[in-house]
Amino acid sequence: MSDRTYNVLFLCTGNSARSIIAEAVLNRVGQGRFKAYSAGSQPKGEVHPYTLQLLKTLNHDTSFARSKNWEEFAAPGAPQMDFVFTVCDNAANEARPVWPGQPMTAHWGVPDPAAAEGTEAEKHFAFDDTYRMLNNRLSIFTSLPMTSLDKLALQKRLDEIGRNSQKAE
């Protein structure tokens, strides 16, 4: 196994819920093998309060959490990404910056918990469900044998994670 740390960027439109959750989860389950970041095409400017509440309840450090524009990661001096994943359908369909280093990409869309309607309990459940879906996908991702898969095989597995886990969820 390589001692290399892989940089991963999660993209969404608002960068207030899904991409922030994915960043927190991967930084935990990646156990130092992965460094996660998140950004949005049209960042809200603040992290959704339910996102912060959920992450704190699950003992995640939230000091990293801020809503930021994805241009930040295309700028000179930004960390070079190995992987870029969209976690919302809108961001997947938008024209994205050119990422230095030509990272591998995949779409792992999940429903937007910030758009959930209903009682407070139902809204919180939407955030819990988003966390569960992303945690499942990222657990699969972090278990991939990165050094033994060629680029084509790895891309196939990345695409499968998004497709197969959507069917199971």
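The values are calculated or read from the model by the stated rules, or taken from the named source; none is laboratory data. Predicted model, so just to flag it, every value in this text is computed and none were measured. Accessible surface areas use protein heavy atoms only, side chains included; no ligands, DNA or RNA. Shrake-Rupley method; radii C 1.70, N 1.55, O 1.52, S 1.80 Å.
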Check your understanding: For the cross-link pairs Lys68/Lys156; Lys56/Lys156; Lys35/Lys56, which exceed 23 Å when the distance is taken from alpha carbon to alpha carbon?
Key -> Lys68/Lys156; Lys56/Lys156
Check your understanding: GNM on the chain, C-alpha springs below 10 Å: top fluctuator among Ala115, Ala22, Ala78?
Key -> Ala115
Practice item. Please list the non-local residues whose amide H lies under 5 Å from the amide H of Tyr6, H modeled 1.01 Å from N, same-chain partners needing a gap of 5 or more. Key: Phe34, Lys35
Revision key, fill the gap. Comparing Gly14, Gly30, Gly45 in a Gaussian network model of the chain (Cα, 10 Å), the one with the largest mean-square fluctuation is Gly45
Study note, to complete from the structure: Going residue by residue through region 108-115, the Karplus relation 6.51 cos²θ - 1.76 cosθ + 1.60 with θ = phi - 60° gives ³J(HN,Hα) values, rounded to whole Hz and with x marking Gly or Pro, of 10, x, 9, x, 7, x, 5, 8
Practice item. Considering Cα pairs under 8 angstrom that are at least six residues apart, work out the relative contact order of the chain and quote it in whole percent. Key: 24
Review point. If you take the Cα Rg of the chain and divide it by 2.2 N^0.38 Å, with N the number of residues, what do you get?
Key: 0.98
Check your understanding: Between Asn15, Asn27, Asn90, which gets the highest mean-square fluctuation from a Gaussian network model of the chain, Cα cutoff 10 Å?
Key -> Asn90
Practice item. With everything on Cα atoms, drop me the angle between helix 18-29 and the longest principal axis of the chain, reported from 0 to 90° to the nearest 10. Key: 60
Practice item. Considering only DSSP beta bridges where both residues belong to region 10-169, give the percentage that are antiparallel (nearest 5). Key: 0
Exercise for review: Please turn the phi angles of region 57-72 into ³J(HN,Hα) values with the Karplus equation 6.51 cos²θ - 1.76 cosθ + 1.60 (θ = phi - 60°), one per residue in order, whole Hz, x for glycine and proline.
Suggested key: 4, 8, 6, 8, 6, 10, 5, 6, 6, 8, 7, 9, 7, 5, 4, 4
Review point. Taking only Cα atoms, what is the 0 to 90° angle, nearest 10, from helix 151-168's long axis to the longest principal axis of the chain?
Key: 20
Practice item. With θ set to phi - 60°, apply the Karplus curve 6.51 cos²θ - 1.76 cosθ + 1.60 along region 132-146 and write out the HN-Hα couplings as whole Hz, x wherever there is a Gly or Pro. Key: 4, 4, 5, 4, 4, 5, 6, 5, 5, 4, 6, 8, 5, x, 3
Revision key, fill the gap. Heads up, region 44-144 by the C-alpha gyration tensor (a ≥ b ≥ c square roots of eigenvalues; a/c under 1.5 rounded, else a/b over b/c prolate, else oblate) looks prolate
**Study point:** √(5λ) per eigenvalue of the Cα gyration tensor, region 1-98, largest first, Å
**Key:** 19, 19, 11
**Study point:** List Ser41, Ser63, Ser139, ordered by accessible area with a 1.4 Å probe, largest first
**Key:** Ser63, Ser139, Ser41
Check your understanding: Roughly how much of Glu23 is accessible, in Å² to the nearest 10, using a 1.4 Å probe?
Key -> 10
Review point. Taking only C-alpha pairs under 8 Å that are 6+ residues apart, what is the relative contact order of region 1-68 in percent?
Key: 37
Practice item. Could you please state, rounded to a whole Å, how far the C-alpha centre of region 25-57 is from the C-alpha centre of region 94-169? Key: 13
